[in-house]
Amino acid sequence: MNWIIPIAGKGKRLRPHSLSRPKPLFPVAGKPVVARLMETLHKISGKPDNVVFVVSPWQDTSLIPQIVESVVGSEVNVHIRVQEKAEGTAHAIYQAGDLLNGPVMIAFGDTIFKPSQYVLPEADGAIWTYRVEDPSSYGVVLTDQEGIITGMVEKPDTPISHKAIIGVYYVREGQVLKKHIEHLIENNIRGKGNEFQLTDALEMMVKEGLKLVALPVSQWLDTGNHKLLLNALKTILTEEGTHISKDAILKNCTIINPVYIGPYVHIEDSVIGPHTAIEEGTQIDNSVLKESVVLENCKIENIVANHSVIGENSVWKRKMDRLILGPYSVWE
């Protein structure tokens, strides 16, 4: 089994924080989004032989092997493939090259989901879906009564299906998908955004008579912008409960559960929570923070705020009740 995980997107909706790290490497309660994704993939398909990350030329990939090892161990081969030009989802998957072969799980790296079942189907492939009330903003699948996919539609004007594609796929024979992607590229068949779309290649497999099934998920969390990120954090902390590192120092503090407080965090004379994550090495003094994310190595003093996202290595001392502050920034 091989996994292919594209993380080459620019993360424009999460700027300025996505300027210093890819959106899938953004931590949510101590774990990068992509680590949470891989934990779920591991439960579904077991340990992979290879994990392929498809990245942009500008992205720092130094942390990727460490993240993979933390989830599935050190015996797995980690491959970094560069998508030199953003030409769509199918083009990104095609960068896996010879590893797009045999059983393959494909999952876009900014996806956090909880499947309704943890067993791969006896089929040629699968697409995981989530029911949405308004499908006009999503790619959706059409299915027969047995859940077999009969077609796919990108952002339908009329609600012909409520089964939204979440960006997680399985194909039993990756070389078949590769053949259809090559057909798209060689014949310059482009879809939405003038790009080569993975759904077009998958639909060609359906038309060829291959059996792809739609598998429902019970949870799908988007972390694409700051509001959605905070909503995802709230959901995860509610499920996982409070975690306070044994290496954190808290003096004269009130903690309102649930919260995440990472290692080497130092907090004094403050109120933290609920639904707040403070990442490694941050210092907070005489402040009140709730429903917020503070990344690594920040310094915060004399603040009362909520619904804030503070980038790594930043300083916040000027009074604001809500702040989106980029990495390596000072607001005082």
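Please specify each residue of region 213-254 satisfying the condition of being in a strand (DSSP E or B) and among the hydroxyl-bearing types (Ser, Thr, Tyr).
The initial filter retains those residues of region 213-254 that are in a strand (DSSP E or B), namely 213-222, 243-244, 249-251, 254.
Within region 213-254, Ser218, Thr254 meet the criteria.
Any residue at all in region 182-200 that's touching a Leu at 6+ places or on another chain (Cβ under 8 Å) and either more than 22 Å from Ile4 (Cβ to Cβ) or in a strand (DSSP E or B) (or both)? The answer is no; no qualifying residue exists. Criterion first (touching a Leu at 6+ places or on another chain (Cβ under 8 Å) and surrounded by 22 or more Cβ atoms within 10 Å (Cβ to Cβ)) does Val33 satisfy it? It is true that Val33 is touching a Leu at 6+ places or on another chain (Cβ under 8 Å) and surrounded by 22 or more Cβ atoms within 10 Å (Cβ to Cβ).
Of the listed requirements (1) more than 16 Å from Met152 (Cβ to Cβ); (2) modelled with pLDDT of 95 or more, Asn188 misses just one: (2).
Would you call Asn257 over 28 Å from Ser218 (Cβ atoms), modelled with pLDDT of 95 or more, not assigned by TED's automatic domain parsing to the domain that holds His17 and not basic (Lys, Arg)? Explain how you work it out, then say what you get.
Numbers: over 28 Å from Ser218 (Cβ atoms): no; modelled with pLDDT of 95 or more: yes; not assigned by TED's automatic domain parsing to the domain that holds His17: yes; not basic (Lys, Arg): yes.
For Asn257, the condition - over 28 Å from Ser218 (Cβ atoms), modelled with pLDDT of 95 or more, not assigned by TED's automatic domain parsing to the domain that holds His17 and not basic (Lys, Arg) - is not met.
For region 127-178, the candidate set comprises residues that are touching a Gly at 6+ places or on another chain (Cβ under 9 Å) and of a type in the set (D, E, K, R); within that set, the residue that is surrounded by the fewest Cβ atoms within 10 Å (Cβ to Cβ) is Lys155. Under the condition of being surrounded by 20 or more Cβ atoms within 10 Å (Cβ to Cβ) and touching a Leu at 6+ places or on another chain (Cβ under 6 Å), the residues counted in region 36-56 number 1.
Checking each residue in region 261-293 for being in contact (Cβ under 8 Å) with a residue 60 or more places away in the chain and acidic (Asp, Glu) picks out Glu279, Glu291. Quick one: would you say Arg190 is in the same structural domain as Ile148 (by TED's automatic domain parsing), within 22 Å of Thr40 (Cβ to Cβ) and not hydrophobic (A, V, I, L, M, F, W, C)? The answer is no for Arg190.
For (1) within 26 Å of Leu14 (Cβ to Cβ); (2) touching a Leu at 6+ places or on another chain (Cβ under 6 Å); (3) surrounded by fewer than 16 Cβ atoms within 10 Å (Cβ to Cβ); (4) in the same structural domain as Asp200 (by TED's automatic domain parsing), each residue gets a yes or a no:
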| site | (1), (2), (3), (4) |
| --- | --- |
| Trp58 | yes, no, yes, yes |
| Val76 | no, no, no, yes |
| Ala96 | yes, no, no, yes |
| Ile106 | yes, no, no, yes |
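One residue alone among Gly73, Gly102 is in contact with a helix residue (DSSP H, G or I) (Cβ under 7 Å, 6 or more places away or on another chain) and not aliphatic (A, V, I, L, M), and that residue is Gly102. Selection of first residues in region 112-133 that are closer than 16 Å to Met205 by Cβ and assigned to a loop (DSSP other than H, G, I, E, B) and of second residues that are modelled with pLDDT under 95 and among the acidic types (Asp, Glu), restricted to Cβ pairs under 7 Å at least 6 apart or on distinct chains, gives an empty result. A single member of Gly326, Gly311 is outside the structural domain of Ser18 (by TED's automatic domain parsing), within 16 Å of Lys31 (Cα to Cα) and of a type in the set (Gly, Ala, Ser), and it is Gly311. Here Asn297 passes the criteria (1) under 18 Å from Glu332 (Cβ atoms); (2) part of a strand (DSSP E or B); (3) not charged (D, E, K, R) except the one numbered (2).
Just one of the numbered conditions (1) over 16 Å from Ala123 (Cβ atoms); (2) among the acidic types (Asp, Glu); (3) in contact (Cβ under 8 Å) with a residue 24 or more places away in the chain is not true of Asp157: (3).
The values are calculated or read from the model by the stated rules, or taken from the named source; none is laboratory data. These numbers come from a predicted model, not from an experiment. Quick reminder, even Gly has a Cβ in these numbers, built from the backbone with ideal geometry, and neighbours come from all protein chains shown.
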